[in-house]
1. Rounded to whole Å and ordered largest first, report the semi-axes of the equivalent ellipsoid of the range 1-40 derived from its Cα gyration tensor (root of 5λ).
2. I'd like to check one number: the per residue accessible area of the range 1-79, probe 1.4 Å, reported in Å² as a whole number.
3. If the chain between E60 and R333 were fully stretched, how many nm would it gain, using 0.36 nm times the residue separation less the Cα-Cα distance?
4. Are there any GluC sites (Glu not before Pro) in the range 212-256 that are in a DSSP loop and have at most 16 other Cβ atoms within 10 Å? List them by number.
5. Anyone know which of P94, P256, P121 comes out most mobile in the 10 Å Cα GNM of the chain?
6. Over the chain, with a Gaussian network built from C-alpha contacts below 10 Å, which listed residue (T29, T250, T150) shows the highest mean-square fluctuation?
7. Based on the Cβ-Cβ distance of E44 and R122, what FRET efficiency does E = 1/(1 + (r/R0)^6) give at R0 = 35 Å, to the nearest 0.05?
8. Place the peptides 60-71, 32-43 in order of packing, highest mean first, counting for every residue the other Cβ atoms within 10 Å and averaging per peptide.
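The values are calculated or read from the model by the stated rules, or taken from the named source; none is laboratory data. Small disclaimer: the values here were computed from a predicted structure and weren't measured. Methodologically, a virtual Cβ is constructed for each residue, glycine included, from the backbone with ideal geometry; neighbour enumeration extends over all protein chains shown. Just so you know, the surface numbers come from the protein's heavy atoms only, side chains and all, with ligands and any DNA or RNA stripped out. Shrake-Rupley method; radii C 1.70, N 1.55, O 1.52, S 1.80 Å.
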Amino acid sequence: MDTALLSKTAAAMVAKGKGILAADESAGTCETRFKSVGVECTEENRRAYRGLLFTTPGIEQHLSGVILFDETLRQKTSDGVPFAEYLKKKGVIPGIKVDAAAKNLPLSPGEKVTEGLDGLPRRLEEYFKLGARFAKWRAVITISGGDIPTHTCIYANAHALARYAAACHEASIVPIIEPEVLLDGDHTAERSEEVHEATLRACYAALAAYNAAPEYTILKSSMVVSGKSCPKQAGVEEVAERTVRVLKRTVPAAQPGIVFLSGGQSDESATAHLNAMASMKGLPWPLTLSYSRALQNPALRTWKGQAGNAAAAQKAFLHRAHMNSLAAQGKWRAELEKQAA
């Protein structure tokens, strides 16, 4: 466990004005997204698309790191340079998704627990050799009525996240813990806040129980938004206020920073919410982003699997990254979106 390396990596991941690109979609998720723009989900198309994103000129000004999928970590640019090596030379830290996805939680209908702890230390050792310096593990927490999430679901996922984090520390890899409270449902923002607080309290209690130090850990948090089917949607300022209140109550000040997931929000909503939170005074940690769709959507829609569209797709990607870079500094304004990518 190289604590100096862990500290250096964690600080760089949340550098001012920079975010983390989540490009760790599984082949199945990639297929869904590619189908939406009429692209066949082959290994080569996945490599070409990710390569397009990573080789965007100037993207290192807005990205501190990229979360890769196992397949992608082993792939290369069109010039034959391993993606991890290419990113590192640009000053962008390579990371890796290490969980084995959420599976049905026994005796808890409608709830999931994330698997992947078996063999994790060995995999982390290999990923470190391949260049990964941080990792990600996603848990999913569903809100349904007043009974879900259950105590069982929250604690099962909290303990899995903590065991994963401890294994990462031992391997000198910074863990991103991602307990995502899903926005699916008709729950209010108030109910979302309750669940976020319960979930994060359990996560940090579990981290302490497994000796995983917050100093070497990054939280990837969902935002306290209304369920997408809720008739009354919380506004930007309410979302920011509720989210930061939960974080202040639960996340140790010793933690290097917090990144947010977009979780199915529209591109601009995710940016606006981040901007509102980053604008707040007296935060004990830096706030930034780790978006997937909210960074990639314009690029994917522009690319459509056509090499001739690559430059335009990179321009769209750079614009989205720039907008979120400004948001992470509390400097974004809606009118800036008119500067079309």
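1. Working from the Cα gyration tensor, I get semi-axes of 34, 13, 5 Å.
2. 43 Å²
3. Fully extending the segment from E60 to R333 adds 96.1 nm.
4. Within the range 212-256, no GluC sites (Glu not before Pro) qualify (loop, at most 16 other Cβ atoms within 10 Å).
5. Looking only at P94, P256, P121, the biggest GNM fluctuation is shown by P121.
6. Of T29, T250, T150, the most mobile in the Gaussian network model is T29.
7. Calculated transfer efficiency: 0.75.
8. 60-71, 32-43
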